[in-house]
Each structure stands twice: as C-alpha cells, then as structure tokens.
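The values are calculated or read from the model by the stated rules, or taken from the named source; none is laboratory data. Only a predicted model underlies this, so the values are computations on that prediction, with no experimental measurement involved. Cβ placement follows ideal geometry from the backbone for every residue including glycine, while neighbour counts extend to all protein chains displayed. Note: areas computed on protein heavy atoms with side chains; ligands, DNA, RNA excluded. Shrake-Rupley method; radii C 1.70, N 1.55, O 1.52, S 1.80 Å.
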Amino acid sequence: MQPIRIHTAPTNAGLSDFEQAIERGSSILRNHEESKYVLPAIALIGKSYYYRSEFFSALEKFQELVTLAAGDLQGEGILWQGLTYLEMSNYSEGIRFLEIEADISPQWNLNLRSEIYAVLAQLHAAIGNYEQSIEYLQESIPGLEDREKQARGFFLLGQNYESLGIETQALFAYTQINELRVSYDLEFNSRRKQAEVSRKIGNYDLAESIYRQMRRDDKFFEYRNELQYEIARTQQLSGNPELAINNYNQVLRDRMQPPGNLIRAKTYFGIGEIYRDELENYTLAAAYFDSAASQRVDAQLLPSNFNARELADSFGEYARITSQIARKDSLIGIANLSPKDLDALIDELQRIEMEKLEEELSRMQQQRDRMIVAEEPGQVADAGTSVEHGFLNIRSMAMIADASLQFQAVWGDRPLADNWRRRADVSGSRFDQLVITGSEDETIMLAEQASTSGVVHSVDLSEVPFEPEQQEAMKNEILELQYRLANVFFMSLNKPDSAKVYYQKVVQQATQKNLVTMSLYTLAEIDLLQDNRDMAYTWFDKLKETDSSSIYFQRLAERMDIEFTPLESEDVFDVESLYLNILADIPDSSAILRAEELKKLADTGTSDSQRALLLFEAAREYMKAAQKDSVLQESIRIWFSIQDSLNMERNEFQALKDSSFVILQDTTITEQETIYWQEIADSTYTLEDLSEIFPFEGAYWDSTRAILTHIESYYASTEIIPRVRILRQTIERPEPAVPDSIETEDLPFYSGIEGIPDESGDVAFCEEYGFEVDVEGGINGFMELITYPSWTQNLSMRGEVSYLFEVDTNGTILGYEQIDGMDRSGIPQSIEAAIERLFRFTPTETDFPSLNCIFVFPIEF
C-alpha cells in the first residue's frame, strides 16, 4: 500500500564487515594520498557508512567524492548522495540536488542516468508528486540494467497511476512485471495488484481468474486462504452473493490453513454485508458484524470502511426490536382467537413439543445403547498378560473409564448390598434415566417409558393479553418499539425512508403525546434533509397543533427560520407546581395513584431531563407500593444478605443511599429510606439458591422495570441515566453466576485471538503462573491511569471486573475476554481501552508457548 522502493533500504546485516571496509579505506587515504585508489576508497567508505545507516557520515563522503571525481565516478557519487537524502527523508533537498546535477552533467552512461532518474521518481512519490514521478519513471525504466530494479520501477509506476485514479494505466504497468524474472515477493504482490485493479475497474472475471491462478500455484501455498478470501470478495462485488457466501465459508472452515484474525475479521464483515445489502437479513448481518468486531486486529490493517462494531450494535438493536414487535403482535393475535381456534393452537403446540421431546429421548437412548458393547468370548484379552497397559489395564486411564461406563450402562449405580447383580435392585438408577436439557437450562429426568406414558407438555399462556386493557397496553408498547425501530433506521442504518414509515405509524396510532411530538419533529427533519420543505412545513403545522410548548417545536421553528413566541418562564414552573400538588394532595399510602399521576405529568414536561426525572419518581412510587408487604421486606433483606455471603458487591445500593434525586427542585432521599437501605446492608441471612428467593416479582416491580427501561431508551442523554441504570440492574433477575474456575470438559474456553481451547482442566489466576503486572505502580498504578465514563464522576463505587487472558511467556497479551457479570455500560470498556494501551505482564517461565489465566481488576472510586 506504500510506495515501493526501487533501491532497497539498508539493513543491519554485515555491520562488522562494513566497519572493516571503513578502516581499510581510511588507511588508504592516510598512507597513500597519491594512489589511484583514493577516489574508489572514498566511494567505498561512503557506501559502508550508508549501509551502516550512518547517513550524515555517508553524506560527507559522497559530497567529497562529487567534488574530487569526474565522469561516471562523479555520477556515482551524485546517485548515492541522492539515495542518502531519500533515506534521511530530506526529500525536497534531494530533489533540488539531483535535478541540478542531472541538468549539468549529461555525459554519464545510460544505466547511471536511469538510476538517478529512478531516485528522483522515488523522491517525488514520497511527497505526493505522482505526475512528476511518472515522468521520471518512464525515462528511467527502459535504461535500468538490473531486472529487479526494472520490475520495482513498473510496480511504483502502477502505484502512482492508482493514486491518480488512472486504473487502466496502472493495470498495464503491473502486467509488465510478468515478463521479467523477479523475486517471489515482487511476483506475488504484482499479480495481486493486477487482480485488485481489475476489480476496481469492474473486470471481475479477470480478477477472479488471476486469484484462482495464484491459488493453484504452489509457490503461493502459504497465501491460499487469503486468496480464497479475495475470490469470495470478488464474487460479492460482482453480484453473486450465494457463491460469495460459499467461498467465505470455505475460508472460515479451512482446517489445513486456518485463517488469521485479519482474514477472519474481513470474512465475517463481508458475509455481514451480503446479509445486509443483498439478502436483507438484518439479524444474521448483526451476528456476522459482531463476529467481525470481536476479532483482535490492528485497526491500521483493516479497510477504511470497516466499522463492524458500530454495525453490529445497530443491526443487533434492529433484530432485538423487531423480535419484540413480532412477539407482541403474535400474543395479541392469540388473544383474539376464538375458543375453538385457541384450543387447536394449544393442541398443535403440545404436539410439536412432544415430538421434540420424543426425538431427544430417542437420540439419548441411542447414545446409551452404543455404550453397551457386548464382547464375544473369543475377543476378550487376557487381562493378566497385558504388557502395554499392565494387569487389568491399570496403566490406561482411558480403558478404565470406558470399562466403567460400560459397566454402569448395564448395571447402573449398584447398591453396596448383597445380590447387587439383580437388575431389580438397580432399577431407577441414573443410567436407567434420560436427561433432557430444556431451553432455560432446566434438567428434566425422564424414565425410559416416558414417551409412552401419555405425558402432555404444558403451554404457558400467562403472557397472552386476554383482557382489553392488557391488549391496549401491549399495543402502546408496540408503538414505543416502532418508534425505537424508526430511530434505528434513521440514525444507525441510514435508511430514512424506512424510518418515515414507522414514524408515521406512531403519529397515526399513538396516544402518548410525547411520542407523537418526537415523531413529528423527526419526520420534519428527514424531509428537510431530503430538500422536501413543503412536507416539512406540513409536519411543522401538525407539531404546532399537537404541542406548541415543547422543546421540539422550538427547535424545529429555529431550524426552519420560523418566528414563534418563546415559552414563558411561568409555564416552566407550572410543571413544578403540579408536581408539588401531587405530593401534597395524594398521601404516601396511595403510592400507585401518585405513580399514575406522575406518569401523566411526565407527558407535559418541557424537556427530556424533566420528563425523565418525573418518570423516575413514578418508578420509585411503584417501588414503595411493592415494599408495603412486611413479608416482602424480609425477603429483600434475605436476598441482599445472601449476596453478602457470596461476596457480591453492592456498590449500587450505597450509590442510591448517597446520591440525591433531584425532581424539579432539590429533593433528596428521606431519612426512612436511608435507614431501610442500611438495614439491608446489615442483614446476615444465608441461602444457596438465589433464583428461588428473588424478591422483586409482581406487577408493581414489573411496572418499575418497564418505566426504567423506557427512560433508558428515550432519555439516554439525561443526567438521571446512571441512577436509572443502577436501580434497573438492582431489581433485575440475576444471571447465572460465573464459576471461579472453568471446566474445559464442559465449557471449553476460546480465546479472543484464535479460539484455542485451554486443555488444562481449570483456568487458574494469572498470579499462580508467576505473571505480575508490568506497569509502574503495579495494578494500583494501572487502575489510576484509567479514564472512566463521565457519568461515574459523582458516584462512589467499589467492585471487581474479571477477565480471561491469553498470555505468552514474554508477558504479551494475545487476547482477553470479560467473564464476569458486570454490565457493559462504560466501565469495562474503559478498562479494555487502558489494557490496549498500557497493560502487560512480566515474563515467566512455563512449558507452554501461551497460557489462559484469570485476572481481576479492582474498582474503587
């Protein structure tokens, strides 16, 4: 990708030999001043300095040679002086010097003059003077005697034409190299350039043909996988998505030459583009973009349009929203079925589930049967005479395990009692039962006769909105999701026309004033961007009719240069007075009524911040209503005390206790609430199963979670968001905890680099392998260098974030992955940014080239 050097740069090879050449040449200058070898000695000393990269000393000798010598020897000094300027990156001085000397000294031989012109071409190319570089190359290439330099000249000529956008001339220049015998690297890159340029000019057949010829060439065997990717990329650009996907999959599945991270990332990205642009399957596109983003690759090696993480987030959000809309639409459709059709649907669902169950039972029965291998008498080896594995195969763990499984498959867990060989005594053991794992990790033990026992799978209809009020609420939820989907189309996917369809649905069907207001504002913005001002004025008039006091109306009026009367200050404070009236008129005992009134008041808010604060207060009122049950309060105390016993941090609760929740004016948590949270922190109960005693269940908690999710979705830029996020995470059902060690037999760890499983059994902590943090100040010094998100500035937090690292023996980090349950709301990303820039381990001595280990970062601020 960078301009090639016709004259290759010096390396570190032969430094001592060049030093001896300098010493011996200097002895000639000191002891034989009248010798005919004085000028060649000066040239030799200058070249030796050049190859030792001592360019200032080399420059002095070449200047001395140009002054003393004449003819071709003087021209040689000029050539090497130009090369020295090139190595010193003093391009302007090199051009000035060579152009002057080339004009006044035309008597040099053709090869020498051609080489000087080649240096001039390289100097001009280095500063972007591609036209001038092309002129010098056209003069120099025919006269160069060295075929390798001639080929490099053609390559640089093609690069210059590419930089100017003249692809046809570039292709011609690259093809000239085919006629020359050149080095392996130059041949490979020239042919690859021919294919790339052919692809740029739309000649996809020629490009694919070149790539296939290179892939069949044994010289380029190590690049077969990369060339396979280029074939797939060419087919994608030529409009053959099916063929491209097949070839992309061949790249990913190549076991003889597995792709590296760079090729893997570009391959996933290419497949994601196909599903996005050609097949319009945004769900799969999101998955492939996410896979591309997860590959650890130097960003400088990736194409300029490689924005996989951004696309993964955007299309992932699209997939989630559309899935939720489809599900809620289906639930409403089920609710509107006639009783007869509903019964038929339930029967069909039961039949499908039972078929799946029977298939699973059959599969596991076959697995069990395969374990029972009856040996014929003539095939049984004499256990006592086995030399390789010892008496009774005691030296072979694999054979012992296999024999144990075969025995248990026949006899089960035999009881330690007489007559244990009787099958009746061992019936009901775990080997006479089948284990089926459900979709939610529930383990169901089924007897062998389960498939014929008439068991009927139950169908859960608890989410179906049979009541009219429930259906209306779900329709409102669908409209909110459609608004979010419109935002995704407009702001993330750059599909404004698709966004307009959903915004218009919201305007026509939504009953929430704020939702309609925001949709009208965005519709006007889209039409303004599309230069459709007449339609934008139509949306402006509707917005004026809907809510002329909103901030969106004011912004749109300013955007369209329309005069309007600003909102008076007393109108702003009217919302505050209404809020105070709600608190005064509705007693604390009527928390539900307060919450409903606050939700209505939020619709009349004049800013996003105000609406978010009012909704947050409504969520807190629902929480108060949920906490009135004394039994529930006891459950909450038990819940948090169990978390204490499991060493689970409760930073969010301290943050809730210490933070102030400002609602229009400075209103803080009450003393009673502080005592309540403190009581939770001081609890001392212990239990083992968190999921069974999760206390935040019920309609009021569901309402709280729904409001908090709504705030996060629509008011993500407001100051209340950190507190909203903390509270939502607090009352969410916990995910299964990450174990202290990872059993690789059950769940192999795949590193972020190449996905190599750790076969050591358990994954230990990095400290156990002797790795230490190689940062000044140790781990504490590293944590002080992290820049956390702005929303954490007013919070006091303590906790831990755990990562699974892949580290080589030099302490270099090859890959890492977060393995704890901390929400990725900014803190883990900040730590990862610091890891990329600063973090590494000290070297250690192990028998493995790389190790997987766990490291825990302590958080305290």
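Going through Y268, Y248 one at a time, which residue ends up being hydroxyl-bearing (S, T, Y) and touching a Leu at 6+ places or on another chain (Cβ under 9 Å)?
Y268
With the requirement that a residue be at pLDDT below 90 and open to solvent by less than 20 Å² (accessible area, probe 1.4 Å), what does segment 96-107 give you?
Scanning segment 96-107 gives A102, S105.
Within 29 Å of L156 (Cβ to Cβ) and not in a helix (DSSP H, G or I): does that describe A43?
Against the criterion (within 29 Å of L156 (Cβ to Cβ) and not in a helix (DSSP H, G or I)), A43 does not qualify.
Return the residues of segment 280-310 that are open to solvent by less than 40 Å² (accessible area, probe 1.4 Å) and in a helix (DSSP H, G or I); say none if nothing qualifies.
Y282, A285, A286, F289, S291, A292, A293, A308
Criterion first (open to solvent by 30 Å² or more (accessible area, probe 1.4 Å), over 22 Å from K200 (Cβ atoms) and within 23 Å of the chain's Cα centre (by Cα)) does D277 satisfy it?
Against the criterion (open to solvent by 30 Å² or more (accessible area, probe 1.4 Å), over 22 Å from K200 (Cβ atoms) and within 23 Å of the chain's Cα centre (by Cα)), D277 does not qualify.
Restricting attention to segment 138-148, and to residues there that are surrounded by fewer than 21 Cβ atoms within 10 Å (Cβ to Cβ) and assigned to a helix (DSSP H, G or I), which single residue is farthest from the chain's Cα centre (by Cα)?
In this case the residue turns out to be G143.
Please work out which residue is least open to solvent (accessible area, probe 1.4 Å), limiting yourself to segment 224-247 and to residues that are of a type in the set (D, E) and over 20 Å from A170 (Cα atoms).
Among them, the one singled out is E226.
Scan segment 153-168 residue by residue and report those that are open to solvent by 50 Å² or more (accessible area, probe 1.4 Å) and either part of a helix (DSSP H, G or I) or among the charged types (D, E, K, R) (or both).
S163, T168
Matching residues to (1) out of contact with any Cys (no Cβ under 7 Å at 6 or more places or on another chain); (2) over 20 Å from S609 (Cα atoms); (3) touching a residue at least 24 places away in the same chain (Cβ under 8 Å):
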{"residue": "Y502", "(1), (2), (3)": "yes, yes, no"}
{"residue": "Q509", "(1), (2), (3)": "yes, yes, yes"}
{"residue": "T522", "(1), (2), (3)": "yes, no, yes"}
{"residue": "I526", "(1), (2), (3)": "yes, yes, yes"}
{"residue": "L529", "(1), (2), (3)": "yes, yes, yes"}
{"residue": "K542", "(1), (2), (3)": "yes, yes, yes"}
{"residue": "E545", "(1), (2), (3)": "yes, yes, no"}
{"residue": "E558", "(1), (2), (3)": "yes, yes, no"}
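Which of the residues spanning segment 200-223 are open to solvent by 50 Å² or more (accessible area, probe 1.4 Å) and within 21 Å of Q257 (Cα to Cα)?
R212, Q213, R215, R216, D218, K219, F221, E222, Y223 - these are the residues of segment 200-223 that are open to solvent by 50 Å² or more (accessible area, probe 1.4 Å) and within 21 Å of Q257 (Cα to Cα).
Could you tell me whether any residue of segment 110-117 is open to solvent by 50 Å² or more (accessible area, probe 1.4 Å) and outside any helix (DSSP H, G or I)?
Scanning segment 110-117, I find no residue that is open to solvent by 50 Å² or more (accessible area, probe 1.4 Å) and outside any helix (DSSP H, G or I), so the answer is no.
L171: among the aliphatic types (A, V, I, L, M), more than 19 Å from H7 (Cβ to Cβ) and either open to solvent by 50 Å² or more (accessible area, probe 1.4 Å) or touching a Cys at 6+ places or on another chain (Cβ under 9 Å) (or both), yes or no?
no
Which of the residues that make up segment 731-750 are within 30 Å of E480 (Cα to Cα), modelled with pLDDT under 80 and open to solvent by less than 80 Å² (accessible area, probe 1.4 Å)?
Matches in segment 731-750: E732, P734.
Test of understanding: among L593, L614, which residue is of a type in the set (A, V, I, L, M, F, W, C) and open to solvent by 10 Å² or more (accessible area, probe 1.4 Å)?
L593
What tally of residues in segment 248-263 results from selecting those that are part of a helix (DSSP H, G or I), touching a helix residue (DSSP H, G or I) at 6+ places or on another chain (Cβ under 7 Å) and surrounded by fewer than 23 Cβ atoms within 10 Å (Cβ to Cβ)?
So the answer is 4.
Given the conditions (1) buried (at least 17 other Cβ atoms within 10 Å of the Cβ); (2) assigned to a helix (DSSP H, G or I), report the number of the one that E135 does not fulfil.
Looking at each condition in turn, E135 falls short on (1).
Kindly indicate whether L44 is farther than 30 Å from I177 by Cα, open to solvent by 50 Å² or more (accessible area, probe 1.4 Å) and touching a Gly at 6+ places or on another chain (Cβ under 8 Å).
yes
Name the residue, out of Y288, Y268, Y318, that is touching a residue at least 12 places away in the same chain (Cβ under 8 Å), out of contact with any His (no Cβ under 9 Å at 6 or more places or on another chain) and under 27 Å from E480 (Cα atoms).
It is Y318.
The conditions are (1) at pLDDT 70 or above; (2) surrounded by 18 or more Cβ atoms within 10 Å (Cβ to Cβ), and F640 fails exactly one of them. Which is it?
(1)
From A13, A9, which residue is touching a residue at least 12 places away in the same chain (Cβ under 8 Å), loosely packed, with under 12 Cβ neighbours inside 10 Å, in a loop (DSSP other than H, G, I, E, B) and among the hydrophobic types (A, V, I, L, M, F, W, C)?
Just one listed residue meets the conditions, A9.
So which pairs qualify, if the first residue must be in segment 475-488 and small (G, A, S) and at pLDDT 90 or above, the second must be open to solvent by less than 30 Å² (accessible area, probe 1.4 Å) and not in a helix (DSSP H, G or I), the Cβ gap must be under 6 Å, and the two must be at least 6 apart or on different chains?
The qualifying pairs do not exist here.
Considering every residue within segment 68-82, establish whether at least one is surrounded by fewer than 19 Cβ atoms within 10 Å (Cβ to Cβ) and either β-branched (V, I, T) or at pLDDT 90 or above (or both).
no
Each row is one residue, and each column tells you yes or no for (1) open to solvent by less than 10 Å² (accessible area, probe 1.4 Å); (2) modelled with pLDDT of 80 or more; (3) touching an Asp or Glu at 6+ places or on another chain (Cβ under 9 Å); (4) within 20 Å of G778 (Cα to Cα).
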residue	(1), (2), (3), (4)
V801	yes, yes, yes, yes
N810	no, no, no, yes
Y816	no, yes, yes, yes
G821	no, no, yes, no
E832	no, yes, no, yes
F839	no, yes, yes, yes
P849	no, no, yes, no
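Just need a number here: residues in segment 567-597 that are under 45 Å from the mean Cα position of the chain (by Cα) and modelled with pLDDT of 75 or more.
8
Residues of segment 19-51 being under 50 Å from the mean Cα position of the chain (by Cα) and more than 25 Å from A125 (Cα to Cα), which ones?
S48, Y49
Return the residues of segment 520-534 that are assigned to a helix (DSSP H, G or I) and open to solvent by less than 70 Å² (accessible area, probe 1.4 Å); say none if nothing qualifies.
Matches in segment 520-534: L520, Y521, T522, L523, A524, E525, I526, D527, L528.
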